[in-house]
1. Grab the beta carbon distance between Thr22 and Met181, set R0 = 45 Å, and tell me the FRET efficiency rounded to 0.05.
2. Report the local net charge at Asp112: Lys and Arg +1, Asp and Glu -1, summed over other residues whose C-beta lies under 12 Å from its C-beta.
3. What is the range 19-91 by shape, rounded, prolate or oblate, if you read a ≥ b ≥ c off the alpha carbon gyration tensor as root eigenvalues and call it rounded for a/c under 1.5, prolate for a/b larger than b/c, and oblate otherwise?
4. Please state the relative contact order of the range 6-128 as a whole percent: Cα pairs under 8 Å, 6+ residues apart?
5. Given a cut-off of 32 Å, name the pairs among Lys83/Lys217; Lys38/Lys217; Lys74/Lys252 whose C-alpha atoms lie farther apart than that in the structure shown.
6. How big is the charge dipole of the range 130-269 about its Cα centre, in debye rounded to the nearest 20, if each Lys and Arg gets +1 on its Cβ and each Asp and Glu gets -1 on its Cβ?
7. Sticking with the crude label model, points 7 Å out along Cα→Cβ, report the distance from Thr143 to Thr241 in nm, one decimal please.
8. Ignoring everything except DSSP H segments at least 4 long, calculate the 222 nm mean residue ellipticity for the chain; use -39,500 (n - 2.57) per segment, divide by total residues, nearest 500.
Amino acid sequence: MNYGFEIAEGTTRTYWAASDGTSTYYMGQLVAFTAASKAATPGTVVPLAVPAGAFDTTNFQVVAGIVVGFSDMKQTFNTTFNKQYATGVVTQANELARDFYNGGTGMYSPNDPQVLIQVAEILPQTVIRGYINETAASVTVETDTGGADSTGYTTAGTQSASAFTPVANTCSVYCRSGKNMGLWRTTNDTSTTAMDVTVAFPYDVVAGDTFARFSLKQGMSLIYIGGPGLFIDNTLSGGTTNYFGAFVYNIKADVAGSEYAEFRFDGCHFSQIRS
């Protein structure tokens, strides 16, 4: 599996920011200016927590950007995420024990030993790319088990189970093998084993054809970001309880284990005064 986010389109400014002294930060991680429930935080940015409430209206996090660097001379890697990381420190002894370098960029002196995070800014119009996983696994491959379809799935087919319960007209499916290989459709069903589309696949589906199903689609989507702040969770996105709002431009699903979406956040996630 792959993890992390990056800028998908255009350029962005980067800046150095203070850690909160205790959190662990990863390369490619989304970070926020505020903690849960609009709480102020030590330092500048914190790892983006999972969404709480519709459009995160319990946590009210303000999206800041993506981690792209650390003030560390020695790189430390996490084997689960395969990412470089740094953990904040608070005591004099731990600060002075660090092998650090920040070049004196921005407001921070080159001899400041605190953990500093380099952030690539995200604004409401910024399009970012993030990998799609399923909590602790790759995207589930679904196999047609019914066969003898002659409607292109406008009459529900029968497949092996998906990893989530779909919400009508908010999910999409990519055909991995068969005559419809490479084609996308939006699904209108609410079943884990009986996929149904409004616009037919142009060719009959037969037993053994495979599909990757997503709880998001091109356009307005409700996404759950886990990790923390390291991937789009296909298992929990598209729901009715906890999610961020996102406008999806592109989903790439032809390489198993490297599925990703390109999207921008709904503007509400940049406002501190929303309610």
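Bear in mind these aren't lab numbers, they're just calculated from the coordinates by the rules spelled out. All figures in this text were calculated on a predicted structure; none of them were measured in a lab. Cβ placement follows ideal geometry from the backbone for every residue including glycine, while neighbour counts extend to all protein chains displayed.
1. According to the calculation, E is roughly 0.40.
2. 0
3. The shape class here is prolate.
4. 36 percent
5. Lys74/Lys252, as the Cα separations exceed 32 Å there.
6. 220 debye
7. Roughly 3.2 nm, to one decimal.
8. Working: 1 runs with 5 residues, N = 275.
Taken over the chain, the calculation gives -500 deg cm²/dmol.
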